[in-house]
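Scroll down for the structure; my scribbles are underneath it.
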Amino acid sequence: MNGGQIIAKVLQNHGVKFLFTLCGGHISPIFVGAEQLGIRVIDTRHEVNAVFAADAVSRLSGVPGVAAVTAGPGVTNTITAIKNAALAQSPLILLGGTAATILKGRGSLQDIDQISILKSVCKQCISIHKVKEIVPAIEQAFRLAQSGVPGPVFVECPIDILYDEELVRNWYGAKSNETPPKNLRERALRWYINFHANRLFAGKETVKFNSPPIKPEITATNPNDIAAAERLLKKSKKPLLITGSGAMMQPQKSQELADSVKKLGIPVYLSGMARGLLGKEDSLQMRHKRKEAIKAADLIILAGVPNDFRLDYGNHIGGRTFISINRSKEDLYKNKKPTLAIEADPAETLISLASKYTAEHTSWIDELRQLNQKRDDEIISQANETLNGGINPLALFHNLDDTLGDNTIFVADGGDFVGTAAYTLRPRAPLSWLDPGVFGTLGVGAGFALGAKLVFPEKDVWIIYGDGSAGFSLMEYDTFARHNLPVVSVIGNDACWGQIARDQVEFLKSDCAMNLAHSHYELIAKAFGGDGMRVHNMEEWRDAVSKAKENISDGKPYIINSILGKSDFRKGSISV
């Protein structure tokens, strides 16, 4: 077995079903070896999307996603996606090619100090130097990526540990002894090359693959913390639960978590990956007026949610009693010291708490639902307004929400258009909403959709794109088509970077760098064997949604290019 096949075997042993890549000579043995073992190899059009796809697989399956990219620019192209995964606390493994061990630092093609670059964005970086180090290095990567606070791990794989020994020795010139060395210098060089090759491949026959899949090390919830939380809840008349992505690190337990949240009987706001946890509609779930609800509550529980900009750095909570549950000690105490800090997995903690505590808060829930209904009525009223120049985005999303089935996954990639979607679209089930997370990264759409469709092939995957964010990854429609993945994109086309323009135009009186065009994005899908439609009104919109569903049935990707009218719905919504 060559090094690439060894890596592929370790991936298979750890339950990896998909390998995302963009080809490169440095790493070819890895994805060829993976294909030989039945791991599905998905080749993307940009390395960043390979990592976004691996991230989505991690979030949805509980098995770390894996991407393999070539040396130098292949590795550096992944930086944004790797940092996005790190901030979202998503475990994944990036396999990066690099120069031959014997040529490091000598000006080889694409040879740069990758470890120094990746250290700033990864949980850990590992460099392999010998073939016999491959198995322990990859196993360590799986352990590190999943344990404690999850995150990405980079494994640097030199080209000469990946290819067949005979071929590598030929590259080195270490195999042939047909011509004797001409002088002492040549003799010393040949000795060194042979010595290096022997050391590189020494012990490769002893490689074993009998280790079981790595089980992540997760800090158990202290029973004393559960008892303390129970005491606080029993004293509370108006408790409020805010649950975020940090509670979804064990996707295989998402339904158990949902059942536990319902059993607790506490009104809840869901954000990030937790959207959809309680289904499309549940009496406990609140969608609007979170700030007002926090002010009215007498106890707040943050489950996998730090006091960052989304809670105004803790100012929303103020001096109120609150419990924070987080795997990350840093996030646990970010900007504000909790009344009760529980450093543990939020899902495990809520499940344990639900086994000890349950209550009814009927009047409190009714109070919050009245607040929510009032906001819903306002949104419906605004959705009925006619806008100049195109479709009202609120009307578009209300129709989409009513039209799509319960087997839908939404991928959110944008600013203003996605922000509008968050007010109106109701994710159908646990693990049915994907957004970048705290990094606010534009460009996750195609990669996330790619991973989601592979993990859940029976579900319909719809990307919600702003016309700005769509520009980062629409070339992946080629990937969707080649790999028979019928993904649908809804592009909100207002010919503008709307999220930024709202404040820039008002504060700076300039639209510099804000304007785009009403481009024919739907033609991109057609260029790669899919289909699409440009729509200007709700009648055309409804027709396009119907055709998108037909294309899904036919296995073809689709784009709905929705020309939007100018709306003030989210005026003043910028976050910093």
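Quick note: the coordinates plus some simple rules give every number you see, no bench work behind them. On a predicted model such as this, the values are computed, not experimentally measured, just so you know. Glycine also receives a Cβ, built like all others from the backbone with ideal geometry; neighbour counts cover every protein chain displayed.
Adding -39500 (n - 2.57) for every DSSP H run of four residues or longer, then dividing by how many residues the chain holds, sets the calculated 222 nm ellipticity at -12000 deg cm²/dmol. Charging the Cβ of each Asp and Glu at -1 and of each Lys and Arg at +1, and nothing else, the dipole of segment 223-368 about its Cα centre rounds to 340 debye. In terms of the mean number of neighbouring beta-carbon atoms within 10 Å, the peptides 413-426, 309-322, 96-109 order highest first as 413-426, 96-109, 309-322. The long axis of helix 47-61 is offset from the longest Cα principal axis of the chain by roughly 60 degrees.
With respect to the chain, whose longest principal axis is taken over its alpha-carbon atoms, helix 254-264 is tilted by about 30°. Taking other C-beta atoms within 10 Å as the exposure proxy, 507, 31 rank 507, 31 from fewest upward. Here the Kirkwood formula puts the hydrodynamic radius of segment 408-487 at 12.6 Å, using every distinct Cα pair.
Candidates 85, 344, 473 compared by Cα position along the dipole of the chain: farthest toward the positive end lies 344, with charges placed on Cβ.
Over segment 223-368, the ratio between the Cα radius of gyration and 2.2 N^0.38 Å evaluates to 0.92. The loop-placed trypsin sites (Lys or Arg not before Pro) in segment 229-273, going by DSSP, that have at most 16 neighbouring Cβ atoms within 10 Å of their Cβ come out as 237.
Here segment 384-563 is assigned +1 on the Cβ of each Lys and Arg and -1 on the Cβ of each Asp and Glu. Its dipole about the Cα centre then comes out at about 320 debye. Our summary gives the chain a relative contact order of 12 percent, counting only alpha carbon pairs under 8 angstrom and 6 or more residues apart.
Fewest-first ordering of 230, 343 by other beta carbons within 10 Å of each residue's beta carbon gives 230, 343.
The translational diffusion coefficient of the chain, from Stokes-Einstein at 37 °C and 0.692 mPa s with a Kirkwood hydrodynamic radius over alpha carbon pairs, comes to 129 µm²/s. With the convex hull drawn over the C-alpha atoms of segment 3-206, the volume per residue is 114 Å³. Using only side-chain charges placed at the Cβ, +1 for Lys and Arg and -1 for Asp and Glu, the dipole size of segment 108-246 relative to its Cα centre rounds to 660 debye.
Of all DSSP beta bridges confined to segment 384-563, the antiparallel ones make up roughly 5%. Computed over segment 384-563, the range of Cα coordinates on each principal axis works out to 48, 36, 33 Å, biggest value leading.
For the listed residue pairs 9/132; 83/556; 549/571, the alpha carbons are over 23 angstrom apart in 83/556; 549/571. Summary of packing: across the peptides 345-351, 188-194, the per-residue average of other C-beta atoms within 10 Å ranks them, highest first, as 345-351, 188-194. Its alpha carbons considered, segment 527-576 gives a radius of gyration followed by a Dmax of 14.8, 43 Å. Angle between the Cα long axis of helix 134-146 and the longest principal axis of the chain, 0 to 90 degrees, nearest 10? Around 10 degrees separate the two axes. Here's the picture: charge each Lys and Arg Cβ at +1 and each Asp and Glu Cβ at -1 in segment 316-473, and of 463, 364, 447 the one pushed furthest to the positive end of that dipole is 364.
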